[in-house]
Structures are given as structure tokens and as C-alpha cells.
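Everything below concerns the one structure shown next.
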Amino acid sequence: MSDVKTIGIVGAGKLGITLARVARHYGFNVNIAGSGNASKIALTAEVLAPGAVAMSSEDVAKHSDVVILALPLGKFRMLPKEALAGKLVVDAMNYWWEVDGSRDDILPSEQPSSAAVQEFLPISHVVKAFNHIGYHDLFDEHKLRGDPERKAMAIAGDRDDDLKTISKLVDQLGFDPLVIGGLLDSNRLEPGMNTFGANTTIEGLRELLDQQ
Ligand SMILES: NC(=O)c1ccc[n+]([C@@H]2O[C@H](COP(=O)([O-])OP(=O)(O)OC[C@H]3O[C@@H](n4cnc5c(N)ncnc54)[C@H](OP(=O)(O)O)[C@@H]3O)[C@@H](O)[C@H]2O)c1
């Protein structure tokens, strides 16, 4: 299991900036990229996530221990594939028709979106996490371990070591980690499923999964 010190985030919108803010709160180094030049998001990062460093997506990939994908899913084929090779990549993206258009245009039908992302990044280690809780809940629901009100974050991935690293990271960012299976099971967390939007305790999340 790797120890994460620097979190990279690709996508500097509602989710990306919120994650950057939470990660800075818990003392991580944060590198963040938007769709264009770093200067476009530098002030936003400075004001909303003080200490987060704006850079290009390639530099985020190169200079971070873990890279969280927080861009529209329809844009995943624009990711810097070479720079992400060998990296632990956390896919927080969801298919959202208002943003992404027809699902069939961006994903093979029936394939969980995170499995498609893994296929596109064959040498990266993709884990799904941070996708089912809304950014507003991430913003104000992170809590220290042991708090009875602490909420849970579902995680899916194919390698034990990666799941351990991301479980620890989720815990360090204020949520109880719950591994739900491999990437082929990650459609259990996608929009339309009862877990999507779930902002509940680990018992509550287990109950929702049991009902599927
Ligand atoms: N919002 C939530 O509560 C939430 C929660 C969990 C997961 N998610 C998922 O997280 C992703 C982002 O959602 P959001 O609500 O944060 O969207 P958003 O506010 O629209 O932000 C999207 C960000 O991605 C950037 N971007 C677009 N294309 C890019 C590219 N090729 N490379 C790098 N960055 C790029 C955008 O930059 P520009 O502004 O320059 O285009 C923007 O900074 C989606 O897949 C969504 O389903 C969202």
C-alpha cells in the first residue's frame, strides 16, 4: 500500500475544487488542473482551496501520487494517457446526459463507465470512488473517524493494494470506506442506482447495496 502525500485532481469544477479544499484541510499537497491553461483556474484554486497548486493535466499526472478524475465523463478520452501510465487513478466521474449527451456516443453499452476508463488507461490502476456523494455533501460532511454521524464512501477496484491505498485515503479525507467489489461491479454506484447520491453511514450504505 502506498502512502499518499500529494493528490492530483483533473477537473476544477464543483467536485474538483471541493475535493481540493477537503484535501488541503487534512494537510495533503494538492495539484489541480482544469480544461485549459493553469492560469485560468489559479485564482479559483487560491481562493477556494488555499494551497492547491494549479497546473496542466499532464503535470498533475506527473507530480501526484494519486490522480482523481473530476471532469465530465464525456471528456475522458482527452486525459493525458502517457502521463497517467502506471498511476493510481481514482475515477469520480458519472455519466450525466445533460452534460455528456447520448451514453452510446461515449461508452460501450452495458460496460460500467469506470471499466471503460480503465480500458482507455490500460497501464493505469483505476479505482472508482468519490462519485456517489454530491459535492455539497463532500464539502460539509467530512468528519474524523469514530464520529457516529460519519458518512461512508463506496469504492470499487480490481487490485487489493490499490483498494487499500484508496480506502486509507477516503478515511483520511473524512469518510468511512466501503469496498463494494471490482470495476465490473462499479455500475452499482452509477446514476440510477439507489446508492447514487447516498450520503449515509456505512450501515446505511450496506443496506442500500443489499437492496440491489
Ligand atoms: N457535482 C457533483 O456533486 C459530483 C459528485 C460526484 C461526481 N461528480 C462527477 O465529477 C465530474 C465533474 O463534475 P462537476 O460537477 O465538478 O462538473 P463541473 O462543475 O462542470 O466541472 C468540470 C470541470 O472539468 C473541467 N474539464 C473539462 N474538460 C476537461 C479536460 N479535458 N481536462 C481537464 N479538465 C476538464 C472543466 O473545465 P472548464 O470549466 O474549463 O471546461 C471544469 O473545471 C462529473 O463526471 C460528475 O459526474 C460530480
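Read-outs: derived from the displayed coordinates by stated rules, not from any lab. Please read these numbers as outputs of a predicted model, since none were measured by experiment. Virtual Cβ from ideal backbone geometry, glycine too; neighbours counted across all protein chains shown.
Contact order normalised by length for region 6-210, with contacts defined as Cα pairs under 8 Å and 6 or more residues apart; what percent is it? Walk me through the numbers before you get to the answer.
On the way: 426 pairs, mean separation 34.5, N = 205.
Computed value for region 6-210: 17 percent relative contact order.
Determine the shape class of region 133-192: with a ≥ b ≥ c the square roots of the Cα gyration tensor eigenvalues, call it rounded for a/c under 1.5, and otherwise prolate if a/b is greater than b/c, oblate otherwise. Oblate, since a/c reaches 1.5 and b/c is not below a/b. The longest part of the chain holding none of the exposed loop GluC sites (Glu not before Pro), meaning those outside H, G, I, E and B in DSSP with at most 10 other Cβ atoms within 10 Å, is 1-109. Distance between the C-alpha centers of region 153-212 and region 100-114? Whole Å please. The two parts, judged by their Cα centres, are 21 Å apart.
How would you classify the chain from its alpha-carbon gyration tensor, with a ≥ b ≥ c the square roots of the eigenvalues: rounded for a/c under 1.5, else prolate if a/b is greater than b/c, otherwise oblate? Working shown, then result.
On the way: a/c = 1.43, a/b = 1.10, b/c = 1.30.
Because its axes are fairly even, with a/c under 1.5, the chain counts as rounded.
Among residues other than Ala49 with Cβ under 11 Å from its Cβ, the summed charge is +1 (Lys and Arg +1, Asp and Glu -1). A Förster radius of 35 Å, combined with the Cβ-Cβ distance separating Asp104 from Glu203, puts the computed FRET efficiency at roughly 0.40.
What does the charge count near Asn94 come to, summing +1 for each Lys or Arg and -1 for each Asp or Glu among other residues with Cβ under 12 Å from its Cβ?
Numbers: positive: Arg103, Lys128; negative: Asp91, Glu98, Asp100, Glu190.
Overall, the nearby charge balance is -2.
Once R0 is set to 35 Å, what does the formula 1/(1 + (r/R0)^6) return for the Cβ-Cβ distance between His63 and Gln211, expressed as a FRET efficiency to the nearest 0.05? Rounded to the nearest 0.05, the efficiency is 0.25.
Among the listed pairs Lys14/Lys143; Lys128/Lys168; Lys40/Lys164; Lys14/Lys87; Lys5/Lys151, which are separated by more than 26 Å between their Cα atoms? Over 26 Å apart, Cα to Cα: Lys40/Lys164.
What's the magnitude of the charge dipole for the chain around its Cα centre, counting Lys and Arg as +1 and Asp and Glu as -1 at the beta-carbon? Answer in Debye, nearest 20. Display every interim value, and only then the final one.
Values: 21 positive and 29 negative charges, 119 e Å.
With only Lys, Arg, Asp and Glu charged at Cβ, the dipole is about 580 debye.
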